[in-house]
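Each remark here refers to the structure printed beneath this line.
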Amino acid sequence: MSTNPQHVECLIIGSGPAGYTAAIYAARADMHPVMYMGIQPGGQLTTTTEVENFPGYPEGITGPEMMEQLKQQAERFGTDIRWGMVTEVDASQRPFKVKADDGAEIIAETIIIATGATAKYLGLPSEEEFKGGGVSACATCDGFFYKGKDVAVVGGGDTAAEEATYLAKLCRKVYLIVRRDELRASKAMQKRVINTPNIEILWNHETKELFGEKSGFMKTLKGAVLKNNKTGEERVIDIDGFFVAIGHKPNSELFQGVLDMDETGYIITKPDSTATNVPGIFACGDVQDKVFRQAVTAAGTGCMAALEAERFLAAQND
């Protein structure tokens, strides 16, 4: 490390509802936070179009617009927001030694992790093409836009079953595309899916391609080409929405072997807290929440993390 690394009270890793809310609270508490926005500035919401379920926006707002407003609010109170990524954290002793990809070296009294999670997709080029134009990884976020329409959900676990039953209340028809001849979902969820009349389960099917219409920046999904894994036959379904529910991957690699995590990589925090097993390091948002995964809950835990970081520093100074 160089002889003159920057010393900061609060380093926030990652942007998005959790990171920006943490920054707003930390800045207002005179902690002079520094934030590195990470690989996807603004987080998952920047891949969505309309957001209508975040309080305070009666007419709705686009995900990118909301993230820009949160960024401006954090900057207004003095947050030092930087492009780039944190590449190394030495958590063996406090204050923590941190390196970033812009060459900066930082000594941080506290760290707030808000790196979020990344939805897993099938990896089809056409899937990427229609993101924001019919393809989504969150039924509770985007299901409302498909009221009375036909949609498909991909997956066979609890998340897929939950998304399908949620969408069935809004949509005319829901196809549940399952790769195998059985669901991995819990028995209760399986029963709910099977007993929902407007859900049609397509067993042993995989999605080959999605198709639709494109006009300039406007993209409108029209359908999907499916393949039966047993017979090899192809089938076309007409749908307006395609929901991928094959899981999320928390962006926690930087802290592997350092912080306590569950088997899938979600950071474990103490009950009713954002504190990790390392004193002075806090985690908020989707990197530690595999249950709700909503912008509003992420913002709530971002607030908690900043308040806890402030209290932690105050206790150190007593």
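Nothing in this text is a laboratory measurement; each read-out follows from the coordinates by a stated rule. What you see is a predicted model, and the numbers here were worked out from it, not measured in a lab. Cβ: placed from backbone, ideal geometry, glycine included. Neighbour counts: every protein chain shown.
From the alpha carbon centroid of the range 157-182 to that of the range 216-290 is 17 Å. What is the calculated FRET efficiency for residue 191 to residue 230, with r their C-beta to C-beta distance and R₀ = 35 Å, to the nearest 0.05? Once the sixth-power term is evaluated, E becomes 0.90.
In the calculated pair-distance distribution of the range 149-226, the portion above 22 angstrom amounts to 26 percent of the Cα-Cα pairs.
Working note: Karplus 6.51/-1.76/1.60 with θ = phi - 60° gives the range 62-71 the couplings 6, x, x, 5, 4, 5, 5, 5, 5, 4 Hz, where Gly and Pro are set to x. In this simple spin-label model, placing a label point 7 Å from the Cα along the Cα-to-Cβ direction at both residue 270 and residue 204 gives a separation of 5.4 nm. Cross-linked pairs 71/99; 147/191; 187/249; 208/249; 191/219: Cα-Cα separations exceed 29 Å for 191/219.
The distance from the alpha carbon centre of the range 99-133 to that of the range 2-40 is 16 Å, rounded to a whole number. By the compact-protein rule of thumb, 2.2 N^0.38 Å, the alpha-carbon radius of gyration of the range 127-184 corresponds to a ratio of 1.08. With Cα extents along the principal axes in Å defined as stated, name the option among (1) 67, 40, 33; (2) 76, 48, 39; (3) 74, 52, 42 computed from the structure displayed. Derived directly from the coordinates: (1).
Annotation: amide H-H contacts under 5 Å for residue 210 (H modelled 1.01 Å from N, sequence separation of 5 or more, or interchain): 126, 127, 225. For the chain, the list of Cys residues with no other Cys C-beta under 4.7 Å reads 10, 171, 284, 303. Convex hull volume per residue, computed on the Cα atoms of the range 95-153, equals 149 Å³.
Applied to the range 186-194, the Karplus parametrisation 6.51 cos²θ - 1.76 cosθ + 1.60 on θ = phi - 60° returns per-residue 3J(HN,Hα) values of 4, 4, 5, 5, 4, 4, 4, 5, 5 Hz, with x for Gly and Pro. Packing around the peptides 276-283, 202-209, 52-59, 83-90, taken as the average count of other Cβ atoms within 10 Å per residue, puts them in this order, highest first: 276-283, 202-209, 83-90, 52-59. Working note: Cα atoms of the range 206-312, range along each principal axis, descending, whole Å: 59, 35, 22. Note on the range 1-60: percent of Cα-Cα distances in each 10 Å bin, starting at 0 and stopping at the bin with the largest distance, equals 20, 37, 30, 9, 3, 0.
Considering the convex hull of the alpha carbon atoms of the range 13-116, report its projected area averaged over all viewing directions, in nm², one decimal.
Orientation-averaged projected area of the Cα hull: 6.7 nm².
Most tightly packed first, judged by the mean number of other beta-carbon atoms within 10 Å of their residues, the peptides 121-128, 249-256 read 249-256, 121-128.
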